1. I'd like to know how the chain sits against the 2.2 N^0.38 Å rule of thumb: what's its Cα Rg over that expected value?
2. Using a 1.4 Å probe on the protein heavy atoms, what percent of the accessible area of the range 1-94 belongs to carbon and sulfur?
3. For the chain, what is the accessible area per residue in Å², given a 1.4 Å probe and the full set of protein chains?
4. For the range 40-46, in order, what is each residue's ³J(HN,Hα) by Karplus, 6.51 cos²θ - 1.76 cosθ + 1.60 with θ = phi - 60°, in whole Hz (x at glycine and Pro)?
5. Checking the cross-link filter: which aspartates and glutamates have an alpha carbon closer than 14 Å to that of Lys75, excluding same-chain neighbours under 8 positions apart?
6. Calculate the dipole size of the chain relative to its Cα centre from +1 charges on Lys and Arg beta carbons and -1 charges on Asp and Glu beta carbons; express the result in debye to the nearest 20.
7. Under a crude label model (7 Å from the Cα following the beta-carbon direction), how far is Glu46 from Ser30 in nanometres?
8. Can you tell me the length gained on complete extension of the stretch Ala74 to Ser17, counting 0.36 nm per residue apart and subtracting the Cα distance?
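The values are calculated or read from the model by the stated rules, or taken from the named source; none is laboratory data. It should be emphasised that the depicted structure is a prediction, and the values quoted were computed from it without experimental measurement. For neighbour counting, all protein chains shown are included, and Cβ atoms are generated from backbone atoms with ideal geometry for every residue, glycine included. Only protein heavy atoms, including side chains, enter the accessible area calculation; ligands, DNA and RNA are left aside. Shrake-Rupley method; radii C 1.70, N 1.55, O 1.52, S 1.80 Å.
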Amino acid sequence: QVQLVESGGGLVQPGGSLRLSCAASGSINSINAMGWYRQAPGKEREAVASIGVGDTIYYAESVKGRFTISRDNAKTTVYLQMNSLKPEDTAIYYCNYIHGVSVFWGQGTQVTVSS
């Protein structure tokens, strides 16, 4: 089992920045992928960014150039630096961890972009 704990969400004005963190613990395997998804009210959960084996990085088109994903050398913590935030970025942000066919999710952290 892998446990994920997200932090760093909050309320920010449009144009502002936030940095999300997700710490993984438990049966961690260094050959893993970790990423961020988000779910806005009334919408389906969507992929935001991920970093995989070999540090392959994916970004959704809607966040390219504004968000940056990174992780520590131990591959147990993943970060999402979010700049130039827009009201449409408002959502619950979830972290996930993938190893083989196993997928684990965090509990989510709320990000609200509003003036």
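1. Details: Rg = 13.4 Å, N = 115, 2.2 N^0.38 = 13.4 Å.
Rounded to two decimals, the normalised Rg is 1.01.
2. 50
3. Details: 5990 Å² over 115 residues.
Dividing the accessible area of the chain by its residue count gives 52 Å².
4. 8, x, x, 10, 6, 5, 10
5. Filter leaves Asp55.
6. Details: 9 positive and 8 negative charges, 18 e Å.
Charge dipole, the chain, about its Cα centre: 80 debye, nearest 20.
7. In this crude label model, Glu46 to Ser30 measures out at 3.6 nm.
8. On the way: separation 57, 0.36 × 57 = 20.52 nm, distance 2.55 nm.
Result: 18.0 nm gained on full extension.
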